[in-house]
Amino acid sequence: MTHLVMAKVSDILKNKPKQLWSILPDATVLDALKLMAEKEIGVLMVLDKKGKVAGIISERDYARKIVLKGKTSAKTLVKEIMTPASKMFTIKYDTPVEDCMVLMTGKHIRHVPVFDRSQFVGIISIGDVVKSTISQKDVLIDQLSDYIAGRY
C-alpha cells in the first residue's frame, strides 16, 4: 500500500499559472479594481518600483475601506488602503497545506502570499487550499478502499 504524502503549499503553486499580478502603491484603487476585474482575481500584491513587496490589496479592502468610509476609488491610492507588508500574514513555500488552512480559517483571510526564504513566489487562496485538501482526502479514500478490497 502506498503512503499518503502530506501536500505542501509548493504543490498548489505548481498547478497555478506562473503569472503574478501586482500594482504600485501610488496607483489608484480604481486601477487596482480594473486589473483585478480584467484578470478575474480578488487580490493583488503591491510592489514598489524596485519590485519589493510593499503590501497586499484585496476586494475586501475596497469594500471596507472605500465604500463604507465614503471615499472614492478614483481618488484614493492603493497605499492608503492596502495591508502593509509588515502586517501581512504570509506562509513559506514548504508549509503543509493543513497548516495553511489553519492560518487562513483562524485569521479569516482568503489569500496568503507565499515566500521562498525572502523571495515572493505566489499567492494561494482559500479555494486552492480546499481543493488540495479534498484531492488529498480522495486519494486516501481510494487507497483505503483498495486496501479493504485486497487490491494492494
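Readers should treat all values here as calculations from the given coordinates under stated rules, not as data from a laboratory. As the structure is a prediction and not an experimental result, all values here were calculated from the model. All Cβ positions, glycine included, derive from the backbone under ideal geometry; neighbour counts span all protein chains shown.
Farthest towards the positive end of the charge dipole of the chain, among the residues Leu30, Gln136, Ser58, is the Cα of Leu30, using unit charges on the Cβ of Lys, Arg, Asp and Glu. A cut-off of 5 Å between modelled amide H atoms, ignoring neighbours fewer than 5 places along the same chain, links Gly122 with Val114.
Label point of Asp94 set 7 angstrom out along Cα-Cβ; within segment 115-135, amide nitrogens under 11 Å from it belong to 117. Once both labels are positioned 7 Å from their Cα atoms along Cα-to-Cβ, the gap between Leu68 and Ile134 label points is 2.9 nm. Sorted ascending by nearby beta carbons within 10 Å, beginning with the fewest, Ile148, Ile66, Ile57 become Ile148, Ile66, Ile57. The mean sequence distance of close C-alpha pairs (under 8 Å, at least 6 residues apart), as a share of the length of the chain, puts its relative contact order at 26 percent. About its Cα centre, the dipole of segment 9-148 is roughly 820 debye, where the only charges are +1 on Lys and Arg Cβ and -1 on Asp and Glu Cβ. Of the beta bridges in the chain, as assigned by DSSP with both residues counted there, near 80 percent are antiparallel.
Between rounded, prolate and oblate, where does the chain land on the alpha carbon gyration tensor, with a ≥ b ≥ c its root eigenvalues, rounded for a/c under 1.5, else prolate if a/b exceeds b/c? Judged from the Cα gyration tensor, the chain comes out prolate (a/c at least 1.5, a/b above b/c). Counting neighbouring Cβ atoms within 10 Å and putting the fewest first, the residues Arg117, Arg110 line up as Arg117, Arg110. Between the listed residues Pro84, Ser10, Ile109, the Cα displaced farthest toward the positive end of the dipole of the chain, a dipole computed from Cβ unit charges relative to the Cα centre, is found at Pro84.
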